[in-house]
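I have placed the structure first, in the form of structure tokens, so that the comments after it can refer back to it.
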Amino acid sequence: MNASIAHTNAHDPIALDGGRKTRQGMTKSRIGWAIFGVLMLFGIIGGKLVSLGMAEIDGSASGRARDVITATRPPILDRNGRSLAMDILVPSLAAAPRLIIDVDEAVEKLHAELPDMDVNWLREKLDGDEGFVWLRREMSPAAQERIFNLGIPGIEFRTESKRYYPGGNVASHILGSVNIDNQGIAGIERYLDREEVEVLQAFGLARGRALEPVKLSIDLRVQNAMHAELMDSLIRYEAIAAAGVIVDVRTGEVLALVSLPDFDPNVPASALEEGRLNRVTAGTFELGSTFKTVTIAGALDSGLVQLNDRFDATQAIQFGRFRIGDFHGKNRILSLPEVYKYSSNIGTIRIMQQWGKENFREFLTLTGFDAPLSIELPETKLPRVLDKFSEVGAATASFGHGLSVTPLHMATAVAGFVNDGIMVPPTLFERSQSEADALGVRTISVETSAKIRYLMRLNALEGSGRHMDEIAEGYLVGGKTGTADKVVGTGYDSTKNFNVFASAFPLDDPQYAMVILIDEPKRENPQSGRTAAWNAGEVTGRIVQKIAPMLGILPNFSEFSEASLVPAEIEN
């Protein structure tokens, strides 16, 4: 019994030691597995982070590369370096949906800051695996700060270029506008993009935008003055629209172009509102008696009509069932200068007939009245001029009815008539005199040009331009009015006028040509009329009075300057 007890006691330490070792082994094993599990977990997380870090983020938005969307546009300046359009940097809200941890939380927080954002749309945008999506373009810095402070993973901001037009509406039809991706959609903005693409394609270059400023021919001072006067005309004459353009007769450079109603290029959608047509380049109209300048210029230049010729305007001319007379007929024989200053339809028809209707039609081609405008604006319209004139068609066309042209076509032709007969195509970019000389086309002789300058000045002194001349006294302006019954549907409405004044100044040394139009003007007061002399003419005078000093033209009251415009055959 004692031996048995002794034997048992002898083995007790061994049994206890074995149990302790077993338990220690199990603990170490468990710790080992735990460490392994932790390492595996960190390995998975690390692998995920590495994969996300190495993931190629989608570089496009709505199918377009982000570097193209955020590309910067060049500044646009006027001829004196004043800013017309520039880029400013603005934040835009974006997201990487694959990095968002809690979509519901992100939607809730974002919607709280941007309540106008549709919740379902936002959730759909964020609940995906894309690397990049736009959420809100062009935000304010204040909104950016509020959303940034939310600390939502996967939400980020991109700095984009937003086009800004300091002058607002003033030059809208020239500049055009851009879309949300800063791409030009109208005006010079669209032209610049189109030109860039054509150049890149021609030379096989990659897309990239040069940031050199683009300088236009526009003089912002003149543009502002014309815009202000035309805005005033809408109120003063209760007109539905007005427009104007002024060009340098020697270079074809456009110094100002306005069409009202206009729009704010900072809000591109405003261009879609009714009546926002660029009437100067994209509108064609019957410009009425301003066309008598064209007819008489061509007839005199042909040599078949002389300045001292006389024409029978004693009675209306009959063409079958059509009878054409004068608005305020003199009912007598008229000299050619009298035909012009009294704006005789009958006399102008007689002049055209003596010249020949085929010659008349050919002259319209020479002066560009049946061709597209060469101006850089995409918004242009082809004139409507018949290929061949009937007798009555030629008769009405001679005084501006039955054919439709743009106001810029007329301004370009008038510029050529007073510029010693050299017509230069219009441009919105700066052009040197040597470049203009290479582009110029002779339409009439130097001698005929002098006669046209005389007639235009005569009309200012003694004809329908008297109101204009009183306002712009001293600047030797001359021009021709055009009062046309407005085309409504398929006929004419005698109660609605479309009034035009085509002019040039100073006529002793011609520098600028201008066309002003007023659509459906009413009488300013009971003592005034509603023909072009009372509105388009007076607006012309007010514009010249404002801009001539800006352009370095001083008033000239010299009798010698007036006398120098009178041709020798008239003096005799």
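Evaluate the following for G356: is it out of contact with any Phe, Trp or Tyr (no Cβ under 8 Å at 6 or more places or on another chain), of a type in the set (G, A, S), under 22 Å from R457 (Cα atoms) and surrounded by fewer than 23 Cβ atoms within 10 Å (Cβ to Cβ)? Spell out the reasoning first.
Details: out of contact with any Phe, Trp or Tyr (no Cβ under 8 Å at 6 or more places or on another chain): yes; of a type in the set (G, A, S): yes; under 22 Å from R457 (Cα atoms): no; surrounded by fewer than 23 Cβ atoms within 10 Å (Cβ to Cβ): yes.
No: the conditions fail for G356.
Being assigned to a loop (DSSP other than H, G, I, E, B) and without any contact (Cβ under 8 Å) to a residue 24 or more places away in the chain is the filter here, so list the residues in segment 555-572 that pass it. Residues satisfying the conditions are S558, N572.
This table checks each residue for (1) outside the structural domain of Q545 (by TED's automatic domain parsing); (2) touching a Ser or Thr at 6+ places or on another chain (Cβ under 9 Å); (3) surrounded by fewer than 24 Cβ atoms within 10 Å (Cβ to Cβ).
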position	(1), (2), (3)
E238	no, no, yes
R250	no, no, yes
S259	no, yes, no
D264	no, yes, yes
E273	no, no, yes
T284	no, yes, yes
N308	no, yes, yes
A313	no, yes, no
A316	no, no, yes
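Of all residues in segment 375-393, those satisfying the criterion of being under 20 Å from T443 (Cα atoms) and surrounded by 15 or more Cβ atoms within 10 Å (Cβ to Cβ) are I375, P383, V385. Candidates are the residues of segment 141-156 that are touching a Pro at 6+ places or on another chain (Cβ under 8 Å) and either more than 11 Å from E113 (Cβ to Cβ) or outside the structural domain of E105 (by TED's automatic domain parsing) (or both); the one that is surrounded by the most Cβ atoms within 10 Å (Cβ to Cβ) is G154. Screening M423 with (1) at pLDDT below 95; (2) within 14 Å of P510 (Cβ to Cβ) gives one miss only, at (1).
Could you run through segment 262-281 and say how many residues are closer than 21 Å to N179 by Cα and in a loop (DSSP other than H, G, I, E, B)?
Taking segment 262-281 as the starting set, the residues that turn out to be closer than 21 Å to N179 by Cα are 262-278.
Subset that is in a loop (DSSP other than H, G, I, E, B): 262-267, 273-278.
Within segment 262-281, residues that are closer than 21 Å to N179 by Cα and in a loop (DSSP other than H, G, I, E, B) number 12.
The helices (runs of 4 or more DSSP H) found wholly in segment 426-543 and carrying at least 1 residues that are assigned by TED's automatic domain parsing to the domain that holds E238, in contact (Cβ under 8 Å) with a residue 40 or more places away in the chain and under 25 Å from H401 (Cβ atoms) occupy 446-462, 466-471.
Going by the structure shown, is G303 farther than 17 Å from F360 by Cβ and either out of contact with any helix residue (DSSP H, G or I) (no Cβ under 9 Å at 6 or more places or on another chain) or modelled with pLDDT under 95 (or both)? No, not satisfied. Just one of the listed residues (F417, F369, F389) is in the same structural domain as V247 (by TED's automatic domain parsing), aromatic (F, W, Y) and not in a loop (DSSP other than H, G, I, E, B), namely F417.
Would you confirm whether any residue within segment 166-180 is assigned by TED's automatic domain parsing to the domain that holds L89, over 16 Å from L77 (Cα atoms) and at pLDDT 90 or above? Looking for residues that are assigned by TED's automatic domain parsing to the domain that holds L89, over 16 Å from L77 (Cα atoms) and at pLDDT 90 or above, one finds at least one in segment 166-180, hence yes.
The values are calculated or read from the model by the stated rules, or taken from the named source; none is laboratory data. Please read these numbers as outputs of a predicted model, since none were measured by experiment. With ideal geometry, Cβ positions are generated from the backbone for all residues, glycine too; neighbour counts draw on all protein chains shown.
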